[in-house]
Amino acid sequence: MAARVRSWLDRKRLACLAFSLLPCLVQSHPHAWIYVESTFLMSADGYVNAIEQHWNYDNLLTDVLLDDMMREASGQALDLDQWAHNTLQKLEPKNYFLRVQTDGVTLPLGEVVQFSGDLRDDELHLRFTVMLAQPIKMATSDIELAVFDPSFYIEVLQHPDTPPRVQGDSALGCEVRLKYPEPTTEDFLKAAAIDSGLEVGPQFGALFAETVQVHCE
């Protein structure tokens with residue numbers, strides 16, 4: 001994960017140096033990172049009806065969350081599945097950081113049908129599967145997924161070693177592409193100013209989000 005963090009900082013540094021915007025290096029944003037593995041679950045008749053997420057938290061975010069959990073546990077063993085449940089409850093009003101679209105229309109999400117939490121290699125992992133409120137017939141519609149923190153406190157990146165994929169017997173004719181964001185200099189400046197109290201809209205994080213695009217024949 002450190003390599004992707006450095007990649008983000010390198011992109012920010014280039015933008016700053018190119019436009020002599022050195023102050024944005026001092027008040028950096030985001031402050032934490034999550035790697036995500038995204039799987040679209042397709043039924044035998046060609047409908048995507050759920051999206052599976054596996055989030056790998058970076059060391060800094062893991063340390064902060066573990067400190068909070070250990071204080072709350074008061075010496076008891078940590079229940080990471082309960083942590084996953086509590087986390088998803090907090091994420092539900094934010095659509096679990098997911099924006100699913102087809103034909104430019106944002107789709108409503110259904111319920112989370114399974115979840116788990118664990119600690120591996122000193123990093124927290126959150127897994128969950130969320131249903132779509134209405135399954136999408138992939139023969140007639142493309143689907144796009146962006147995973148992002150609206151406030152951009154956390155940057156969410158698709159895992160470079162586990163690309164997004166479609167899972168199911170009818171997924172052979174599907175193509176998955178990853179579209180990278182193209183934030184402007186103004187966007188970088190706004191991100192840098194958040195720590196100074198700048199208020200941004202609920203979709204600000206989308207400006208820095210990778211977009212998974214799925215097309216099926």
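At a glance:
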| quantity | calculated |
| --- | --- |
| Radius, Kirkwood style, for the chain when every pair of distinct Cα atoms is counted (Å) | 18.5 Å |
| Inter-probe distance in nm under a simple model that places probes 7 Å from Cα toward Cβ, at MET70 and ASN95 | 3.7 nm |
| The chain: Lys pairs at Cα distance under 29 angstrom, eight or more positions apart or on different chains | 10 |
| Solvent exposure of the chain as accessible area per residue, Å², 1.4 Å probe | 53 Å² |
| Pair LEU189, SER151: separation of 7 Å Cα→Cβ label points (nm) | 2.4 nm |
| Overall Cα dimensions of the stretch 41-108 - principal axes, largest extent first, Å | 49, 25, 21 |
| Alpha-carbon centroids, the stretch 183-206 and the stretch 49-79: separation in whole Å | 27 Å |
| Electrostatic dipole magnitude of the stretch 93-173 [Cβ: Lys, Arg +1; Asp, Glu -1; Cα centre; debye, to 20] | 300 debye |
| Surrounding net charge for CYS174, when Lys and Arg each add one and Asp and Glu each subtract one, Cβ distance under 12 Å | -2 |
| Residue-averaged [θ]222 nm for the chain, counting only DSSP H segments that reach four residues, each worth -39500 (n - 2.57) | -8000 deg cm²/dmol |
| Taking the stretch 54-124 and dividing mean pair separation by its residue count, relative contact order in percent (alpha carbons under 8 Å, at least six apart) | 47 percent |
| Estimated dipole of the stretch 159-200 in Debye, rounded to 20 [Cβ of Lys and Arg +1, of Asp and Glu -1, Cα centre] | 160 debye |
| Mean Cβ count within 10 Å, highest first, over the residues of peptides 113-122, 132-141 | 132-141, 113-122 |
| Within the accessible area of the chain (1.4 Å probe), percent carbon and sulfur | 52 percent |
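The values are calculated or read from the model by the stated rules, or taken from the named source; none is laboratory data. Computed from a predicted structure; not experimentally measured. Reconstructed Cβ throughout: ideal geometry from the backbone, glycine too, with neighbour counts over all protein chains shown. Calculation scope for accessible area: heavy atoms of the full protein, side chains included, ligands and nucleic acids excluded. Shrake-Rupley method; radii C 1.70, N 1.55, O 1.52, S 1.80 Å.
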